[in-house]
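Written out below as structure tokens is the structure these notes cover.
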Amino acid sequence: MTSREQGNEAVAPISRPSLTDGSLFIGGARRDAVSQRRRDVIDPSTGKKITTVAEGDAQDVDAAVRAARAAFDEGPWRHTPARERGRVLTRAAQLIRERTDELVALESIDAGKPVSLTRIIDVGNTIAQFEYYGGLAHSLAGATRQTAFPSMAYTVPEPIGVIGAITPFNFPLILSTVKIAAALAAGNTMVHKPAEDTPLTALVIAEILAEAGLPDGVLNVVTGGGEAGDALVRHPGVDKIAFTGSTAVGRAIASTAGESVKPVTLELGGKSAQIIFEDADLDVAIGKAIEGFVFNTGQFCMGGTRLLVARPLFDTVSKAVAGAAGGVPLGDPFDPATVIGPIAGARHLEKVERYVELARSEPGAEILAGGHRIDLNGGYFYAPTVIVGMANDSRLVQEEVFGPVLTIQPFDTEDEAVALANSTQYGLAAGLHTRDLNRAHRVASRLQAGIVWVNTWGMLDPAMPFGGLKQSGYGREYGPEGLAEYLNTKSVIIATA
Ligand code: NAD
């Protein structure tokens, strides 16, 4: 993420927030779900209920889409000069900066994120995204083209219309605001459906944007679960779906959206390999190997959860990673020293446990570290887990666990390392550690991944596009490519003779 090394800065203490019940945000106003249903929100570090949010369903989605539709078709937003739209986003960035502590507290209690990281990673990137797309809006432009006939021919970038944004639980702020900032910069209106497990910051972002000058109805928020998400995908008033989440749900969404030829971008799951070659800087490589699977308690789509190590280094690296993993500070997310918080929900913890059980029944597999829950304050804690000896075709090596679980495998040649790295259905991220510049370029070009890191891991920046290949999805977020996902190109040809 942006400047992750800044995590070493001193962090002011943050206390647990006192919460009021959450509502929907439609047409610029808070309201309850039509059904009056509510959903409990759980603090994953204690397992206790902290508040409730409105449980939206198809009726609420319909109201939100109507508000977004009216704001697009009749409202001023799409016709507002792009640089003025950019100014609204930049103002929002400043308001978020001023409300950092509040957002850190909300995101941390909701998702179990350590406050020290939430400040830098989640809120820091949210600000950076609004600033980046606020600036990029100033450069929105078409092109003039020469044709074979007498004409004045030009292209115009136009907003797509109403965007349905559906986001997952692991980075609630970042993954929603990357969509919101880019889609609004392009002049669209939106309905956002945040994850049911982590809905708290979505409403605050909508209110901050309203305060920054976003007209009513341009951004609407419907909290709820898969039922609300499905209603959004099916709604005829929605022109495009921007989805981040699991491959299974992404597949279902693409299929449903296909029925009405609704465009979709899909940021889906991953099972990314990190390769340590024999000439790597081992201190850096081991540090990144640990960070790669414990960061965000392993709930990182780009987690480096498959470590591939040159055979002569295999024992040394495996022992070093397993030895150090247990020493990474784990505990209360509101303790500034904590680096690993709980898993974000009970059902996610159970899934991690089921995957690690597979290692216990696999001949030759050995759990070098972790492999168990940690009993702490009733929260959903799981020890960082390091496993060697798994077959490459085992489910634990091939499927996304989404927890702090690392498998380590040896390789003998560069070709074998590349083949192993590319051997899953996913293609989200990959990394390699080497001091050989030729090898760095050669292997980076052979890895099937949307982003490749060399001698580092997990660095993301609003200027650099990311997204998947294969079953990790299609479309890109971040960069000018991320803005282009929310634009249609119109060609205008005027006869001049
Ligand atoms: P999920 O797919 O279970 O849920 C994501 C969102 O989809 C939630 O808001 C959920 O309510 C909604 N949803 C569920 N069923 C739906 C349906 N039928 N129609 C429409 N919406 C529906 O994912 P999750 O468990 O919240 O998040 C974890 C997954 O997200 C992992 O697979 C992870 O790799 C992936 N992820 C990918 C990226 C990326 O950029 N590629 C980033 C973060 C997370």
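The values are calculated or read from the model by the stated rules, or taken from the named source; none is laboratory data. What you are looking at is a predicted structure, and each value in this text was computed from that prediction instead of being measured. Here Cβ is always computed from backbone atoms with ideal geometry, including for glycine, and neighbour counts include all displayed protein chains. These area figures cover heavy atoms from the full protein model, side chains too; ligands, DNA and RNA do not enter into them. Shrake-Rupley method; radii C 1.70, N 1.55, O 1.52, S 1.80 Å.
Restricting segment 377-392 to residues that are aliphatic (A, V, I, L, M) and within 22 Å of H348 (Cα to Cα), which is surrounded by the fewest Cβ atoms within 10 Å (Cβ to Cβ)? The qualifying residue surrounded by the fewest Cβ atoms within 10 Å (Cβ to Cβ) is A383. Taken over segment 46-105, the criterion of being assigned to a loop (DSSP other than H, G, I, E, B) and either open to solvent by less than 10 Å² (accessible area, probe 1.4 Å) or at pLDDT 95 or above (or both) is satisfied by T46, G47, E55, G56, D57, E74, P76, T80, P81, R99.
R395 passes every criterion in (1) more than 16 Å from the ligand (Cβ to nearest atom); (2) in contact with a helix residue (DSSP H, G or I) (Cβ under 7 Å, 6 or more places away or on another chain); (3) open to solvent by 10 Å² or more (accessible area, probe 1.4 Å) apart from (1). Going through segment 474-495 one residue at a time, which ones are within 16 Å of the ligand (Cβ to nearest atom), small (G, A, S) and either open to solvent by 10 Å² or more (accessible area, probe 1.4 Å) or assigned by TED's automatic domain parsing to the domain that holds D281 (or both)? Within segment 474-495, G475 is the sole residue that qualifies. Among the residues of segment 216-226, not a single one is in contact (Cβ under 8 Å) with a residue 40 or more places away in the chain, crowded, with 24+ Cβ neighbours inside 10 Å, in a helix (DSSP H, G or I) and within 14 Å of the ligand (Cβ to nearest atom).
Of all the listed residues (T244, T305, T297), the sole one being in contact with a Ser or Thr (Cβ under 7 Å, 6 or more places away or on another chain), within 20 Å of L396 (Cα to Cα) and surrounded by 20 or more Cβ atoms within 10 Å (Cβ to Cβ) is T305.
For segment 232-246, the set of residues classified as more than 8 Å from the ligand (Cβ to nearest atom) and farther than 13 Å from S176 by Cα consists of R234, H235, P236, G237, V238, D239, K240, listed by residue number.
Among the residues of segment 330-376, what is the count of those that are open to solvent by less than 50 Å² (accessible area, probe 1.4 Å), touching a residue at least 24 places away in the same chain (Cβ under 8 Å) and at positive phi? Residues flagged as open to solvent by less than 50 Å² (accessible area, probe 1.4 Å), touching a residue at least 24 places away in the same chain (Cβ under 8 Å) and at positive phi within segment 330-376 amount to 2. Taking segment 107-136 as the range and being of a type outside the set (V, I, T), open to solvent by less than 20 Å² (accessible area, probe 1.4 Å) and closer than 18 Å to S176 by Cα as the test, the residues that pass are E107, S108, D110, A111, G112, K113, D122, N125, Q129, F130, Y133, G134.
I'd like the residue in segment 400-419 that is in a helix (DSSP H, G or I) and of a type in the set (A, V, I, L, M, F, W, C) and, out of all such residues, is most open to solvent (accessible area, probe 1.4 Å). Once the filter is applied, the top-ranked residue is A419. Every listed requirement among (1) within 19 Å of the chain's Cα centre (by Cα); (2) of a type outside the set (V, I, T); (3) not in a helix (DSSP H, G or I) is met by P333 save one, (1). When E196 is tested against the conditions (1) in a loop (DSSP other than H, G, I, E, B); (2) more than 8 Å from the ligand (Cβ to nearest atom), the lone failure is (2). Taken over segment 237-255, residues that are in contact with a helix residue (DSSP H, G or I) (Cβ under 9 Å, 6 or more places away or on another chain), among the charged types (D, E, K, R) and not in a loop (DSSP other than H, G, I, E, B) amount to 1.
Across segment 185-208, the number of residues qualifying as touching a Pro at 6+ places or on another chain (Cβ under 9 Å) and within 21 Å of P76 (Cβ to Cβ) comes to 4.
In segment 256-275, the qualifying residues are those that are in a loop (DSSP other than H, G, I, E, B) and crowded, with 19+ Cβ neighbours inside 10 Å, and the one that is nearest to the ligand (Cβ to nearest atom) is G269.
Each residue in segment 420-448 was checked for being open to solvent by 60 Å² or more (accessible area, probe 1.4 Å) and aliphatic (A, V, I, L, M), and 1 pass.
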